[in-house]
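What follows is one structure encoded as structure tokens, with my remarks underneath.
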Amino acid sequence: MASDEEEDDYLTMTFDEPSTTRKETSLQRTARLKKEAAERGRIPSKAEKEAAAAAAREKALATELDSSSKGAKMMAKMGFKAGGGLGAAGNEGRIRPIELGMKDDKGGIGADSEKKRKIREAAAQADEGVKRTKISEEEFRERNVKEREEKRVEGLWLGAMKILEGFEEDGDVDQKDGIGPGGKGHSTKRLMKSVNILYRPLVKERLEKERDRRARYDLTQSLSRNEEYTEEDAHDKLALGDEVQELDEEDSELEEYQGLPATEKLDNVVKHLREKYWYCFWCKYRYEDEGMEDCPGLTEDEHG
Amino acid sequence: MAESRFKRQKVSDEPNPAADKANPYLAHMHNDGDDAGDYSNGYSNGNANGASTILDTFKRHGTSAMDAKKAEDGPSNPFNGNQLSERYFSILKTRRDLPVHAQRQEFLELYQKSQILVFVGETGSGKTTQIPQFVLYDDLPQQQGKMVACTQPRRVAAMSVAQRVAQEMDVTLGEEVGYSIRFEDMTGPKTIMKYMTDGMLLREAMNDHDMKRYSTIILDEAHERTLATDILMGLLKEVVKRRPDLKIIIMSATLDAQKFQKYFLNAPLLAVPGRTHPVEIFYTAEPERDYVEAAIRTVLQIHATEPEGDILLFLTGEEEIEDACRKISLETDDMIREADAGPLKCYPLYGSLPPHQQQKIFDPAPKPFKQGGRPGRKVIVSTNIAETSLTIDGIVYVVDPGFSKQKVYNPRIRVESLLVSPISKASAQQRAGRAGRTRPGKAFRLYTEGAFKKELIDQSYPEILRSNLASTVLELKKLGIDDLVHFDLMDPPAPETLMRALEELNYLACLDDEGELTSLGSLASNFPLDPALAVMLISSPEFYCSNEMLSMTALISVPQVFVRPAAARKRADEMKDLFAHEDGDHLTMLNVYHAFKSPAAQENPKQWCHDHFLSFRALQQADNVRMQLKRIMEREEIELVSTPFEDKKYYENIRRALCAGFFMQVAKKDTSGKNYQTVKDNQSVLLHPSTVLGQDSEWVLYNEFVLTSKNYIRTVTAVKPEWLLDIAPMYYDLDSFQKGDIKTALQRTADRMKRREAMAKGKR
């Protein structure tokens, strides 16, 4: 009825937008039919078939039996009420059949839900990624620039630290307290916490690299190790062991420092170099006196 | 059979005995003289040899533990008057040490004053062997000409317990004490104590609704909640109202006995504490990625680090268990060589294992390699049969991955299949308890504590919720239960399960449209078979092949006859090809059976089976089943006939006869590819890789739908759509089909058949 009325209602009748797609030509039609036929004739892959079979099974499992079947009629005759359970009054049974749980791997109890949880987490993360990509092009470019700048400053900071380390190790004897004669950085006995916080990250990173190198070396050597060297190895290990312990020790001061933004870290080192060694990181020059008269200023910009 | 639904197939001439002689497939018919020796199913009529014993002075239901002790102490056997043997007295001594013995008086008092009693005793308390004997001394069934029955869920248990109790009572098995299981009756006229499978008691009840031959019925292992035990409980609840003299004891091994108590209208409960020690339970920190591998690792770790004590590992099935045993043995060899570990012996345990191999699990653990060396250990890798029904002493460590293979049935897709599923919390506790039988033990659960709490259900689903009920419904109908909807079951199944069962029985013409038992249904219920198989067998004379279908039914009823050991798969397949029949697996099995019965094979059947990669046990069992079924056929006066072997319809007739039972299990090939589509349920399935059938059969019938990540149909035979329309017109009523490929194909077949018929008429 409703549709009749609508058809008769000329006043509010709306017209479809004139179709922009033209009628398909006979060539297009042939092409389309061919494509459709190919799709029909295509032999589905094994995985597709399996998925289709599983889907059919799930569908059948989710479909209640026809309540007009002969079986249902016989039950109705026995006084069965649709929607109820079987059994004596007061002890009726379940309404639905037990669900089938298919297990097709060797995963232990709980492994499945663990897997599902991980998938969920991954999906959530992916979602976040989607959100992030939704930001505008402008923002994207801006962020790229910022990231690049961050990286550059980080590099500068590393360079500044190296220079500072050079000054400290060569110059000030006070700072060398406790350092063995082994030369800069290579000493393993120096206490990490005694290193100036401004370039401690540099030392730590180097030591970590060294440890990894040695571990790899040990691994390759362990099979062909000669008994004669065992004593030396024991020393090495002891030494390494100390170092390892210290390397892995918590250093809240260091963490705090490393957590600062790159520009701030750089500024700190640059300032220190100026104040203590009259060295301008931007001029790459160590001035004769405290005044540093020829230096154009504190910042990179001032150096042009 | 009163009315016949099936058209007789034309064969060239009527079968005659002389032609049968020439038929190699019937060779077995002429040399089996073993039909004699049938045990009558008669029951005891009192003290058969008439000797008067001390029991004659006992007052029925008025004795005490003291009286029983006096009678037990002899010197003559209170049940048959014979002199008691020395072995009897030595067993008697150990019997009196069993936990149940301490509570004999308490038991008797409860037993005497109530009609129904719930008894709880853990495995090993001695309840299965002792309680029935306690009852005998007080119930005195011989005075009433009745028996005491004790049901067991498993055939093997019924047999072995009966044997044990016969020993304990110093009588010959099959006389005073006997057993009765499907296809085997070991009882005699003197029998007063009968162990039987629960299914057997149910079958008996079909012809004896009030179970009049028994004075006491004991349902043992009721906690296992088998289908038959559940039905029996529902039945007995009715019977006790009609028979106030009948006593019922429900025995359970687990402590959830309150459920039984409640169901039996608050029957009194007696619990005998088992001898158990504390068991420490360990969980894993993380879920396991591979539970089998984790289980093997755990076993090896226990062997390497834990003090003396045997290990019980629960896995799910034969293949998994054998595989794990191999791996454990290999790894221990390494451990012994490299880490000086003690010897470790690994025993598999599962239902289809031959009994003599099952017995091996009771062998003592191996001795240390040298005196004072690391202790030896045995590890038993078992299905859940070691969970409640078997007691293995010496187990101190239990490894539980938390899975078992369980039968599941879903009426919506009509699939009954064995699936690996998580166990219940109750099962997990039971498994852990196995570690504390001898001394304090440890249970290693290969899942987290959180998973135990969250992912495991509290109680396992009883079998009745996981089964196709067609055969049960037929039995209940025969038992005179008309209102199936309100039948008082402990856990009633889902309505759809009953709906499906009624519908299937209707298609099989076992029930009419009103739900009443037909004469065919009544006849079918006399066979201890699935209704579809029974109907197939009953209608086989219509197809001139009842001899062959008898063999076929037997073969379908026993475990797989083909053996395919992992080490010799190729050879096994080659051997199978020797028997292959191009029309499918059913005929292939028939070929095997007939070859097995040939004189050449019977010379040394065991060797012959071994050489041909066949299971001697399964074939022997098939032989036995065939004999039993044949007796029923003869009793019911169903013709035993065969099509002459030279007749070109010989095989076709057998395939048609198969359709008469299996028309509801048919699949048609998809228009493209290897997949098949099941008729009416429209499930996509593949032929099981074990089939001998080529991929080009358009229509197949199958014996089994195997549910895995892929759906398989196993044991398949090629059929023709004409036969289906002809043999099962009700089921293949085209109006009842969904639109689709199968309907179109059937429609075309129907049209073709009509044309042919018209032409035939025209000619005439």
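Structural remarks
- Chain B: angle of helix B:318-339 to the longest principal axis, Cα-based, in degrees nearest 10: 50
- Dipole check for the range B:112-210: with +1 at the C-beta of Lys and Arg, -1 at the C-beta of Asp and Glu, and the Cα centre as origin, the magnitude is about 200 Debye.
- Placing B:Arg564, B:Arg635, B:Arg289 in order of accessible area, with the largest value first and a 1.4 Å probe, yields B:Arg289, B:Arg635, B:Arg564.
- Partners for B:Lys761 among lysines (Cα-Cα distance below 20 Å; same-chain residues under 8 apart left out): B:Lys7, B:Lys10
- The heavy atoms of B:Lys345 offer some 100 square angstrom of accessible surface to a 1.4 angstrom probe.
- The angle separating the long axis of helix B:155-168 from the principal Cα axis of greatest extent in chain B is about 40 degrees.
- Within the straight-line cut-off of under 20 Å between alpha carbons, the aspartates and glutamates reachable from B:Lys630 are B:Asp20, B:Asp32, B:Asp34, B:Asp35, B:Asp38, B:Glu184, B:Asp185, B:Glu204, B:Asp530, B:Glu542, B:Glu548, B:Glu639, sequence neighbours fewer than 8 places apart in one chain being disregarded.
- Per-residue average of Cβ from other chains inside 10 Å of B:661-673: 1
- Within the assembled protein chains, the solvent-accessible surface assigned to B:Val118 is about 0 Å², based on a 1.4 Å probe.
- Look at where the Cα atoms of the range B:506-554 and of the range B:409-443 average out, and the two centres are 36 Å apart.
- Backbone N under 15 Å from the B:Gln560 label point (7 Å along Cα→Cβ), restricted to the range B:692-717: B:692, B:703-708, B:712-716
- Think of the range B:490-574 as a dipole: +1 on every Lys or Arg Cβ, -1 on every Asp or Glu Cβ, centred on the Cα centre; then among B:Leu537, B:Ala509, B:Ala524, B:Leu537 lies furthest on the positive end.
- When the charge dipole of chain B is built from unit charges on Cβ atoms (+1 for Lys and Arg, -1 for Asp and Glu) and taken about the Cα centre, the candidate among B:Ala102, B:Trp699, B:Leu640 whose Cα reaches farthest toward its positive end is B:Ala102.
- Within chain B: Cβ-based charge dipole about Cα centre, in debye rounded to nearest 20 (Lys, Arg +1; Asp, Glu -1): 540
- Residue mean of other protein chain beta carbons inside 10 Å, B:410-420: 4
- Each residue was assigned an accessible area with a 1.4 Å probe, and for B:Ser471 the value is about 30 Å².
- Gain in span if fully extended, B:Asp256 to B:Lys93, counting 0.36 nm per residue against the direct Cα distance: 55.5 nm
- Under 19 Å from A:Lys151, Cα to Cα: lysines that are on another chain or at least 8 residues apart: A:Lys162, A:Lys265
- Every helix of 4 or more DSSP H residues in the protein assembly as shown counts as -39500 (n - 2.57), and over all residues that averages to -14000 deg cm²/dmol at 222 nm.
- Which of B:Ile249, A:Ile95 is most accessible, then next, and so on - probe 1.4 Å: A:Ile95, B:Ile249
- Selection from B:His61, B:His486, B:Leu269, by position along the positive dipole direction of chain B (Cβ): B:Leu269
- Tensor-based shape of the range B:561-694 (alpha-carbon gyration tensor, a/c under 1.5 rounded, otherwise prolate or oblate): oblate
- Residue ranges B:350-357, B:138-145 sort as B:138-145, B:350-357 when ordered by packing (mean number of other C-beta atoms within 10 Å per residue, highest first).
- DSSP-defined beta bridges in chain B - what % are antiparallel, rounded to 5: 35
- Between the range B:122-181 and the range B:249-307, the Cα center-to-center distance that results, in Å: 27
- Gyration tensor (alpha-carbon) shape descriptor, the range B:124-216, a/c threshold 1.5: rounded
- Electrostatic dipole magnitude of the protein assembly as shown [Cβ: Lys, Arg +1; Asp, Glu -1; Cα centre; debye, to 20]: 4520
- Violating pairs (Cα-Cα greater than 18 angstrom) within the set A:Lys103/B:Lys453; B:Lys146/B:Lys194; B:Lys59/B:Lys194; B:Lys649/B:Lys720; B:Lys262/B:Lys454; A:Lys146/A:Lys204: A:Lys103/B:Lys453; B:Lys59/B:Lys194; B:Lys262/B:Lys454; A:Lys146/A:Lys204
- Other protein chain C-beta atoms within 10 Å of residue C-beta, averaged over A:73-81: 6.
- If you sort the three axes of the alpha carbon gyration tensor as a ≥ b ≥ c, you get a/c of 1.5 or more for the range B:165-284 and a/b no higher than b/c, which makes it oblate.
- Probe 1.4 Å, all protein chains present, accessible-area order of B:Lys454, B:Lys237, B:Lys69, largest first: B:Lys454, B:Lys69, B:Lys237
The values are calculated or read from the model by the stated rules, or taken from the named source; none is laboratory data. Since this is a predicted model, take the numbers as computed values, not measurements. For neighbour counting, all protein chains shown are included, and Cβ atoms are generated from backbone atoms with ideal geometry for every residue, glycine included. With ligands, DNA and RNA removed, areas are computed over all heavy atoms of the protein, side chains included. Shrake-Rupley method; radii C 1.70, N 1.55, O 1.52, S 1.80 Å.
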